Each structure stands twice: as C-alpha cells, then as structure tokens.
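Engineer: Before I ask anything, let me first share the structure, which is written out below as structure tokens.
Nothing in this text is a laboratory measurement; each read-out follows from the coordinates by a stated rule. This one's a predicted model, so the numbers in the text were calculated from it and none came from an experiment. Reconstructed Cβ throughout: ideal geometry from the backbone, glycine too, with neighbour counts over all protein chains shown.
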C-alpha cells in the first residue's frame, strides 16, 4: 500500500493530499529513510512523521484498504511522541 494512502486510512493524517505534501517535503521517514508518497509500506515498517512541532513514530501492525474509525488505531502502534499536546494523535 502507498504511504500516503496508509496515513489516510489509519487516520494518522486525515487527508491524503496533506499526507502526500508531507512526504514530498521530506517530513516522513520509513525505516529511517526519507520516503515519498508512493513508497510501498508493509507490516513491520516504522514511520517517523514530523509535522509542525510534533513528531510521531509508529510501527505498522496491519495494512488494510479501508478501515472504520474504530478500527483505524489497530493498524499501527505508537512507539514515540514528541512535541505538541499528548491528547492529539493525528495531525
């Protein structure tokens, strides 16, 4: 699955164009390497997402073409959160 689509389906970033812009600007790393929006992601990959003053590090637990709101958080595990408010998960 494409990186930008995973970020949208998992609701880490709420809109796919925003996910694409962030990736194309070099603000998202997959397994420690800067990735573009078309990068294919799989189970076990670690994503580091830097937006505004916040950084979120997650591990992909499952990949699904669609996910309901309640299911979205089961697609990943948060490994680390830096900056911003702790009660805000998505960007």
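Engineer: From the residues in segment 21-50 that are more than 11 Å from the chain's Cα centre (by Cα) and not in a loop (DSSP other than H, G, I, E, B), which one is surrounded by the fewest Cβ atoms within 10 Å (Cβ to Cβ)?
Structural biologist: Residue satisfying both the conditions and the ranking: 33.
Engineer: If residue 69 meets every condition in (1) more than 20 Å from residue 81 (Cβ to Cβ); (2) surrounded by 13 or more Cβ atoms within 10 Å (Cβ to Cβ) apart from one, which number is that one?
Structural biologist: Of the numbered conditions (1) more than 20 Å from residue 81 (Cβ to Cβ); (2) surrounded by 13 or more Cβ atoms within 10 Å (Cβ to Cβ), the odd one out for residue 69 is (2).
Engineer: What do you reckon, is residue 8 surrounded by 12 or more Cβ atoms within 10 Å (Cβ to Cβ) and more than 19 Å from residue 82 (Cβ to Cβ)?
Structural biologist: It is true that residue 8 is surrounded by 12 or more Cβ atoms within 10 Å (Cβ to Cβ) and more than 19 Å from residue 82 (Cβ to Cβ).
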